[in-house]
Ligand code: PHE
């Protein structure tokens, strides 16, 4: 079959789409809270080092592999891997992982949409009430929100690479930056905001432990959308003449800058409203921050700025989170969709219809595993506690398989595809790359310590999570 693969129309289109994937809920809430709890500036330094020295090489390898193969992960691994079983397995994992992660991300996005809807319709006081969130997740109303989110994602994806993903990113990403800056400006103008900045930025190296370091790596890895086949797929939509290396650096920079900037909003907001907050007591979980803590902060604001203004601020926040989540969801659903299109030579519409149905089904299972349906809620048990379907998906795919996918990528580049091929691929569109110290660093790190670190993370997770 003559392949006329669609490509992004410009480098900017690619950068915005990949940044759209990378910038997500993890940046807005996960990162700022983790930084504040774990040593402020000290955490920021470690995180930035992981982005540059570990994640960026992996990111460029994924993009390069995708562009070389001109296929999504399944076919990319099997073709460049000469059909060997072990590489086909790597390709299969890089296709199923995004599908499974999409379900838990979808559940959270659906809740965000619910909260957005409630804030816009004047119900900020309702969603801020104690216990609202635990009732909210045990209510079938989520189905309406699920339909809405599924529609938005599919309307974007059905347009394909240029008219869908690229066009949406070109509108949504600038909107996201503007909303973020507006909220930062607003929060910093509140009294007492500076106290939050102190906890966020002043380094405290005594907080850095093994598990903090491990957490920083996991956060950086997830935030840059690694190990999910996304960058292989987006790389395959990159034109031969485009410069992957510079684009990859810009995507990593944008993602890190957004995470950093989000901290300038999140922490000062918390401390402006609750000046006595002890950073240690902040919840580690993004979910409880977004849904239980933030609405209360916005409601408290209404004492000084009035209910309507507070509702507007809350709506902008949830819209920001929604936009960040949608562009990530689009990228992650594109992976299994494009694989299906390739493997079965199916039209985009048909592949999307199948994918959307399967995903909706699994999302319902995951969303009802918070108490609505007992067999999904008490699905299984390991490591001494009972686990829901949502927990299992999270533990298996997010915590365990993501680092494994990174490890397989390194082994693939080292032993099958060869590092000289990676260099040749990354040099197209950037002729200075071939003999640069950066190329040497990437080849060295991907062949040596990065896979070792990922193997250790993987082994540690398996041993501590499941036994
Ligand atoms: N990078 C996203 C975040 O930080 C994670 C993600 C990407 C999730 C793509 C799903 C799909 O939230």
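A short reminder: the numbers here are calculations on the coordinates, not readings from a lab. These numbers were taken from a predicted model, which means no experiment stands behind them. Neighbour counts are summed over all protein chains in view; Cβ atoms, including those assigned to glycine, are modelled from backbone coordinates with ideal geometry.
Between segment 155-184 and segment 10-55, the C-alpha centres lie 18 angstrom from each other.
Per residue, the chain reaches -22000 deg cm²/dmol at 222 nm when only DSSP H runs of four or more residues are counted, each adding -39500 (n - 2.57). Residue order for 280, 334, 425, 79, fewest other beta carbons within 10 angstrom first, comes to 280, 79, 425, 334.
Please state the shape class of segment 93-204: rounded when a/c is under 1.5, otherwise prolate if a/b exceeds b/c and oblate if not, all from the C-alpha gyration tensor. It is oblate, given that a/c is not under 1.5 and a/b is not larger than b/c. One equal scatterer on each Cα of the chain, no solvent, Debye formula: the resulting log10 I(q)/I(0) at q = 0.06, 0.10, 0.12, 0.14 Å⁻¹ is -0.25, -0.72, -1.05, -1.44.
Averaging Cα coordinates gives a centre for segment 340-362 and one for segment 398-467; these two points are 30 Å apart.
Based on the Stokes-Einstein relation at 4 °C and a viscosity of 1.567 mPa s, and on the Kirkwood radius from alpha carbon pairs, segment 185-250 is assigned a translational diffusion coefficient of 82 µm²/s.
Sorted on the mean count of surrounding Cβ atoms within 10 Å across their residues, most packed first, peptides 455-461, 55-61, 321-327 read 55-61, 321-327, 455-461. The length gained on full extension between residue 207 and residue 52, counted as 0.36 nm times the residue separation minus their Cα-Cα distance, comes to 53.6 nm.
From least to most packed, judged by other beta carbons within 10 angstrom and beginning with the fewest, 335, 202, 110 follow the order 202, 110, 335. For the chain, the relative contact order comes to 32 percent (Cα pairs under 8 Å, sequence separation of at least 6). In terms of surrounding Cβ atoms within a 10 Å radius of their Cβ, 255, 243 rank from fewest to most as 243, 255.
Computed from label points 7 Å out along Cα-Cβ, the spacing between residue 283 and residue 12 is 4.1 nm.
Between residue 163 and residue 246, the FRET efficiency estimated from the beta carbon spacing at R0 = 30 angstrom works out to 0.75.
Here the alpha carbons of segment 282-388 define both size measures, Rg and Dmax, at 19.4, 59 Å. Just to confirm the number: angle between the C-alpha axis of helix 402-411 and the first principal axis of the chain, 0 to 90 degrees, nearest 10? The angle comes out at about 20 degrees.
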